[in-house]
Amino acid sequence: MKKVQIAGILKSGQVGAEITIKGWVRTRRGSKNVSFIALNDGSTINNLQVVAEVETFGEEFFKNINTGAAIGVTGTLVASAGSGQSVELKAEKIEIIGLSDPDKYPIQPKRHSLEFLREMAHLRPRTATFSAIFRIRHAMIFAIHSFFNERGFFNIHTPIITSSDAEGAGEMFRVSTLSAINPPLNEEGAVDYSQDFFGKAANLTVSGQLEGELFAMALSKIYTFGPTFRAENSNTSRHLAEFWMIEPEVAFFDLNDNMDLAEEFLKYLINYALEHCMDDLLFLSNRLAEEEKVKPADQRSMELIEKLRFVADNDFIRLTYTDAIEILRNSKPNKKGQFQYPVGGYGTDLQSEHERYLVEKEFKKPVILTNYPKEIKAFYMRLDDNGQTVSAMDVLFPQIGEIIGGSQREERLEVLEQRMDEMNIPREDMEWYLDTRRFGGCPHAGFGLGFERLMLFVTGMGNIRDVIPFARTPKNCEF
Ligand code: 4AD
Ligand code: MG
C-alpha cells in the first residue's frame, strides 16, 4: 500500500480509507485493552493518533514501541472519539522499522531547554518546536523565490570562494591548500599566496553583492540567495559565522525604489507565513506565551501572530540618520545614561540598543534609516550631494535590530575611485567592478536580507542558533 503523509490525512482523510503511514513515535500510552500511539512524520506539527488493540498484537509487542522509534502502520481511518482531530488510525498491521531505547533516547516527551537541544542539533528536528521552525524556514525560502520570480527577477549564483572583500571589513575566512605549518614565504617573509591553489589569496564570500551588480548591469533585475561567511568574533544571539543572505540588485533603481522593494518584500514574506504556516505559528506562539508568563507585564512582547500582522499591515517609518541621532540624543535613556554606548553627536555608529529604542519605544514600528555618514558605511554606497552622507538604508525591526542593509550604489566612476582610495580599497584588483561604471554605467541599488534574522522575527525565537539547522559560531562547529 502506498505510504501517505500525515499532514494530508489530517486535512482531508476520509473515514473508512485504508492507508499506510510511517513516522516516529512521540508518545505511547495505553490501557489493558488498547494502546494509543502518537505518530509524527514531520509533515505537520500534529500527530496522528494510532489506536492498536492489545488483543491483535499481544502485550509484548508494545514494549518496542517507544518514544523515538520508527514504525509503519497500516489500517483504517476512523472518526476520532477524542477532541482535537477528526480522524485516527485503527491499526491492522504495525511494522517496527527502527528501535529506540527509551532510557537512552535524549528527546523525552517533555520540555527541554533550548540550550540542551542546541547540543542535540542532530536530534532536535524531532521536537515539535524545531520541526515547526524548519518547516517555516522552508516556506520562507520558497516564498523568497516566488516573490522575485513573480516580479521578473533572475536568480544568480554568485561565487562562494572569492578573492574580493565586498564589504571592505576584512572579516573573512581564508581558503587555502598551503601547509599551515610550513607555508612558502615570499621575499618579504610573508606567506606566498602565488603558490596557493588559486595563485592568489582567496576567501569565503562575505556578500554576493559585487558580482550581483555585474549581472544587474545586464539582466536589470537579479537576486542572489546564498551562504555568507563572516569571521567577526561576535558571540551574540543575532550573529552567525555562516548565514544565508538574499541580495536583490536592480538597474535604474534609486534609494526610494530600493526602500519600497524592501518593505514590499518583507511584508510579502510575513503574509506568506501567515497564510501557509498557521499551525506552526500557533504552536510557536503558545510556546512563546508560556515563556513570557514569567516576565513582568511591561516587558512582555506582543503575541507572535498579532506582531506579524501588525508589521505586515503598517507602513514602515522612513528617517534619516541625522534625524535619528537627534531623537536618540534627546531620548530619556540617553539623558539618564542608560545606554551602554551614549549617543554623542553626528558620526556615532548606531548600536543595537539605539536601533531597538527607535523601533520599540519611539515609533513602535519598523524603521528604515537612511543617509548615514560616509565614514561608517561601505565604499560602494552613493555619495549624497552634501558630500557627507551616502545613500544607505538599514531596515530595523523590533527585537532584531538591523534585518536589512542596503544602498543606492555609486555609479560615477571618478567618485567611486576616489572613495576607494579614501578607504584603502586596492583598485587594481577591482577593475572588473569599475568596468561596469565605464561601459553603460547607470544608477542602481540593492540590499541584503539576513535570512536567519528574518527567521528570528517570523518564529519569535530569541537566538539565531535556533533558526538554522547547524549553527556555526565562534568556538562552535559541531556536526
Ligand atoms: O549589512 P550587511 O553587511 O550588507 C551587505 O552585506 C551588503 N552587501 C548587502 C547589499 O547591499 N547587497 O548585511 C546584510 C544583512 C544584515 O542586515 C543582517 O540581516 C545580515 O545580513 N547579517 C548577518 N546575519 C547573521 N549573522 C551575521 N554575522 C550577519 N551579518 C550580517
Ligand atoms: Mg549592515
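The values are calculated or read from the model by the stated rules, or taken from the named source; none is laboratory data. Note that the structure is a prediction, hence the values are computed from the model and not measured. Counting neighbours? That spans all protein chains shown, and the Cβs are built from the backbone with ideal geometry, glycine included. In case anyone asks, the SASA skips ligands and DNA or RNA and just uses the protein heavy atoms, side chains included. Shrake-Rupley method; radii C 1.70, N 1.55, O 1.52, S 1.80 Å.
Residue by residue, here is whether (1) touching a strand residue (DSSP E or B) at 6+ places or on another chain (Cβ under 6 Å); (2) in a strand (DSSP E or B); (3) within 16 Å of ligand 2 (Cβ to nearest atom) holds:
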position	(1), (2), (3)
ASP165	no, no, yes
GLY168	no, no, yes
THR177	no, no, no
ALA180	no, no, no
LYS200	no, no, no
ALA218	no, no, no
TYR223	yes, yes, no
THR228	yes, yes, yes
THR236	no, no, yes
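Here's a check for you: in the range 351-378, which residue that is within 14 Å of ligand 2 (Cβ to nearest atom) and assigned to a loop (DSSP other than H, G, I, E, B) is nearest to GLU247 (Cα to Cα)?
Among those that are within 14 Å of ligand 2 (Cβ to nearest atom) and assigned to a loop (DSSP other than H, G, I, E, B), it is ALA378.
In the set ARG318, ARG329, which member is basic (Lys, Arg) and free of Cβ contacts under 8 Å to residues at least 24 places away in the same chain?
ARG329
Return the only residue of GLY152, GLY98 being touching a Lys or Arg at 6+ places or on another chain (Cβ under 8 Å) and surrounded by fewer than 13 Cβ atoms within 10 Å (Cβ to Cβ).
That would be GLY152, the only listed residue that is touching a Lys or Arg at 6+ places or on another chain (Cβ under 8 Å) and surrounded by fewer than 13 Cβ atoms within 10 Å (Cβ to Cβ).
Evaluate the following for GLU422: is it open to solvent by 30 Å² or more (accessible area, probe 1.4 Å), more than 16 Å from ligand 1 (Cβ to nearest atom) and of a type outside the set (Ser, Thr, Tyr)?
Yes, satisfied.
Let me spell it out: the conditions are (1) at pLDDT below 95; (2) at positive phi, and ARG427 meets all of them except one. Which number is the exception?
All conditions are met except number (2).
Does any residue of the range 97-114 turn out to be in a helix (DSSP H, G or I) and under 31 Å from the mean Cα position of the chain (by Cα)?
For the range 97-114, residues in a helix (DSSP H, G or I) and under 31 Å from the mean Cα position of the chain (by Cα): present.
Failed condition for MET245, given (1) more than 26 Å from SER43 (Cβ to Cβ); (2) at pLDDT 95 or above; (3) in a helix (DSSP H, G or I), with all others met?
Of (1) more than 26 Å from SER43 (Cβ to Cβ); (2) at pLDDT 95 or above; (3) in a helix (DSSP H, G or I), only one is false for MET245: (3).
Picking from GLU242, GLU291, GLU306, which residue would you name as being surrounded by fewer than 19 Cβ atoms within 10 Å (Cβ to Cβ) and touching a strand residue (DSSP E or B) at 6+ places or on another chain (Cβ under 7 Å)?
Answer to the selection: GLU242.
Hey, PRO106 hits all of (1) touching a residue at least 24 places away in the same chain (Cβ under 8 Å); (2) in the same structural domain as ILE65 (by TED's automatic domain parsing); (3) open to solvent by less than 50 Å² (accessible area, probe 1.4 Å) but one; which does it fall short on?
Looking at each condition in turn, PRO106 falls short on (1).
Could you please find all residues in the range 261-282 being touching a helix residue (DSSP H, G or I) at 6+ places or on another chain (Cβ under 6 Å) and open to solvent by 70 Å² or more (accessible area, probe 1.4 Å)?
The one that is touching a helix residue (DSSP H, G or I) at 6+ places or on another chain (Cβ under 6 Å) and open to solvent by 70 Å² or more (accessible area, probe 1.4 Å): HIS276.
Which one of these is within 15 Å of ligand 2 (Cβ to nearest atom) and surrounded by fewer than 22 Cβ atoms within 10 Å (Cβ to Cβ): GLU402, GLU478, GLU414?
Only one candidate qualifies: GLU402.
Hey, can you tell me all the residues within the range 30-50 that are within 26 Å of ASP280 (Cβ to Cβ) and among the hydrophobic types (A, V, I, L, M, F, W, C)?
PHE36, ILE37, ALA38, LEU39, ILE45, LEU48, VAL50, listed by residue number.
What's the total number of residues in the range 4-21 that are surrounded by 17 or more Cβ atoms within 10 Å (Cβ to Cβ) and closer than 22 Å to PHE62 by Cα?
Number satisfying all stated conditions: 3.
Can you name the residue in the range 440-463 that is touching a strand residue (DSSP E or B) at 6+ places or on another chain (Cβ under 8 Å) and not in a strand (DSSP E or B) and is also nearest to GLU402 (Cα to Cα) among such residues?
Result: ARG453.
Among the residues of the range 425-441, write down those that are of a type in the set (S, T, N, Q) and either more than 16 Å from ligand 1 (Cβ to nearest atom) or open to solvent by 60 Å² or more (accessible area, probe 1.4 Å) (or both).
Scanning the range 425-441 gives no hits.
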